[in-house]
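Visitor: If you scroll down you'll find the structure; I have some questions about it.
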Amino acid sequence: MHHSCPALLLLAILAQPAHPQTGDVLTGQYNNSRTGANLHETTLTPSNVSASTFGLLFTQKVDAGFYAQPLYVQGLAIDKQTHNVVFVATMHDTVYAFDADTPQAALWQVSLGTPVTVAPGFEVGVLSTPVIDLSSKTLFVVAYASEASGPVYRLHAINLLTGAEIANVVVQGAVAGTGDDSQSTPCASGTGGSVQPPCIPFVASQVLQRPALLEDTTSRIVYLAFGTLNPVEAPNPYHGWLMGYSYSGSAFTQTVIFNGSQNSMQTGQPCTGDAPATNQCGHGAGIWMSSRGPALDDTGVYVVTGNGGYGGPGTGNWGESALRLNAAGVVEDSFTPNNYAYLNDYDLDLGDAGALLFTSTNTAAPNLLVAAGKGGMVYVLNRASLGGFNGTNSGAVQIFTETPQGCGAGPGQRQCYEIHSPAF
């Protein structure tokens, strides 16, 4: 979506001095638990956010619209001066570093290629929120770019202080799989080798890298997730992917690759049709999560999938499920609601809102996860045992329906019960 002069709006308390100490924002939704809550705010209060004390200070023009959450770092030394810096990545494959306190020219900007035109008048460049490794002063960002070989996703490591590129890698890979879009010839792996057939390759033209990036700072692995590019699912096979790349400071190496529907077949109606086949509604299990990044705790990485074939453990098909994966990209625990076929039927992705992790005072289940989606149901899950699948959803700690806004009879009505961005 290329606009002539979109603007970054910078708002603050008009009466406050420059350089407010509000805490760094290094990742999407503020933290790896994806709580959506900034607990380091020290300037804004309910009393001072008012018409007389709060308003627009200035704007900065950028070259396109942006869906990525702006990130923020305090006290960076750039060109021998200290700046509080806002980082903005646009759909035109450009990353900007702006001084957060004054309307001066960009401290630096860098182009990461030519964005991909996916429909007339609509281009995709950087869609997801980057992640910042503060210890190494590195910004990790995924750009979708038109190259000689076609559309390509590249994971870039950029110097936070200068915008200079340190390293990049083309996102590619494959998994073993018998789905109806599998290959009968070897697939290129993400590590320079091959995966023997039947196999399913990562196809950049089929997917969008929408969720925020995740960095496990302990192992220095950067995770990126993918859902569908084309909403017309049946004739356009796609898969939910999660990939992890270790970073050495000068190069990337793929260490994790997961496909959420590797053995799914398109039989009968598509997922969004009137009568999907129960376990094989086809492809899918996209990881899009309304841009919320994969979540992380000390036991693994959490994602929530959307429409797609479900069969459970041993099948390779994980549509409409909350999943915990280990460092090898293997599903170690899961929860799937008992009405997953209904969710598929009406395009009611469970993965609409992603995973939100939090800790409670309930000693029996202190570490919890919230998964909620288009169907309007909120599932509170115990991270020690997500609950699996059964006919009564008894594995969930709590289930409740959110309050609908401006709609009628209930779940199944698009735009009525959809849950996109819970916060804790």
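Visitor: Kindly establish whether Val152 is crowded, with 21+ Cβ neighbours inside 10 Å and of a type in the set (Val, Ile, Thr).
Guide: Considered against the rule, which asks whether it is crowded, with 21+ Cβ neighbours inside 10 Å and of a type in the set (Val, Ile, Thr), Val152 comes out as no.
Residues checked against (1) within 18 Å of the chain's Cα centre (by Cα); (2) closer than 25 Å to Met265 by Cα; (3) among the polar types (S, T, N, Q):
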| position | (1), (2), (3) |
| --- | --- |
| Ala204 | yes, yes, no |
| Ser219 | no, no, yes |
| Val222 | yes, no, no |
| Thr228 | yes, yes, yes |
| Trp241 | yes, yes, no |
| Ser248 | no, no, yes |
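Visitor: For the stretch 352-393, which residues satisfy the criterion of being small (Gly, Ala, Ser), within 22 Å of Asn307 (Cα to Cα) and modelled with pLDDT of 95 or more?
Guide: Gly354, Ala355, Ala371, Gly387, Gly388
Visitor: Can you tell me which of Gly273, Gly314, Gly306 is closer than 23 Å to Phe358 by Cα, at pLDDT below 95 and part of a loop (DSSP other than H, G, I, E, B)?
Guide: After ruling out the rest, the residue left standing is Gly306.
Visitor: Determine if the stretch 135-143 includes at least one residue that is assigned to a loop (DSSP other than H, G, I, E, B), surrounded by fewer than 20 Cβ atoms within 10 Å (Cβ to Cβ) and either touching a Leu at 6+ places or on another chain (Cβ under 6 Å) or basic (Lys, Arg) (or both).
Guide: yes
Visitor: Give me the residue from the stretch 339-364 that is assigned to a helix (DSSP H, G or I) and not small (Gly, Ala, Ser) and, out of that set, surrounded by the most Cβ atoms within 10 Å (Cβ to Cβ).
Guide: Ranking the candidates gives Asn344 first.
Visitor: Check whether at least one residue in the stretch 248-263 is modelled with pLDDT under 95, farther than 19 Å from Glu165 by Cα and out of contact with any Phe, Trp or Tyr (no Cβ under 8 Å at 6 or more places or on another chain), and report yes or no.
Guide: yes
Visitor: Pick from the stretch 17-36 the residues that are surrounded by 13 or more Cβ atoms within 10 Å (Cβ to Cβ) and among the polar types (S, T, N, Q): which of them is modelled with the lowest pLDDT?
Guide: Thr22
Visitor: Pick from the stretch 277-294 the residues that are crowded, with 24+ Cβ neighbours inside 10 Å and not in a loop (DSSP other than H, G, I, E, B): which of them is modelled with the highest pLDDT?
Guide: Met289
Visitor: Restricting attention to the stretch 365-378, which residues are at negative phi and buried (at least 18 other Cβ atoms within 10 Å of the Cβ)?
Guide: If the condition is that a residue be at negative phi and buried (at least 18 other Cβ atoms within 10 Å of the Cβ), then Leu368, Leu369, Val370, Ala371, Ala372, Gly373, Lys374, Gly375, Met377, Val378 are the ones that fit.
Visitor: I need the full set of residues from the stretch 207-248 which are farther than 24 Å from Asn31 by Cβ and surrounded by fewer than 21 Cβ atoms within 10 Å (Cβ to Cβ), in order please.
Guide: Asn230, Pro231, Val232, Ala234, Pro235, Asn236, Ser248 - these are the residues of the stretch 207-248 that are farther than 24 Å from Asn31 by Cβ and surrounded by fewer than 21 Cβ atoms within 10 Å (Cβ to Cβ).
Visitor: Looking at the stretch 101-110, which of its residues are surrounded by 15 or more Cβ atoms within 10 Å (Cβ to Cβ) and among the polar types (S, T, N, Q)?
Guide: The answer is Gln109, and nothing else.
Visitor: Need the failing condition index for Val330 against (1) closer than 18 Å to Cys199 by Cα; (2) modelled with pLDDT under 95, just the number.
Guide: (2)
Visitor: Which of the following residues is surrounded by fewer than 22 Cβ atoms within 10 Å (Cβ to Cβ), under 26 Å from Asn230 (Cβ atoms) and over 22 Å from the mean Cα position of the chain (by Cα): Gly311, Gly329, Gly388?
Guide: Gly311
Visitor: Can you give me the number of residues within the stretch 350-379 that are under 15 Å from Asp333 (Cβ atoms) and out of contact with any Lys or Arg (no Cβ under 9 Å at 6 or more places or on another chain)?
Guide: The qualifying residues number 2.
Visitor: Residues that are farther than 28 Å from Asp297 by Cα, at pLDDT 95 or above and of a type in the set (A, V, I, L, M), at least 2 per element: which strands (runs of 3 or more DSSP E) completely within the stretch 148-235 meet that?
Guide: none
Visitor: Would you be able to tell me the number of residues in the stretch 117-126 that are surrounded by fewer than 23 Cβ atoms within 10 Å (Cβ to Cβ) and either outside any loop (DSSP other than H, G, I, E, B) or modelled with pLDDT of 95 or more (or both)?
Guide: Number of matching residues: 5.
The values are calculated or read from the model by the stated rules, or taken from the named source; none is laboratory data. Nothing here was measured: the structure is a model prediction, and the numbers come from that model. Every residue, glycine as well, gets a Cβ built from its backbone with ideal geometry; the counts of neighbours run over all protein chains shown.
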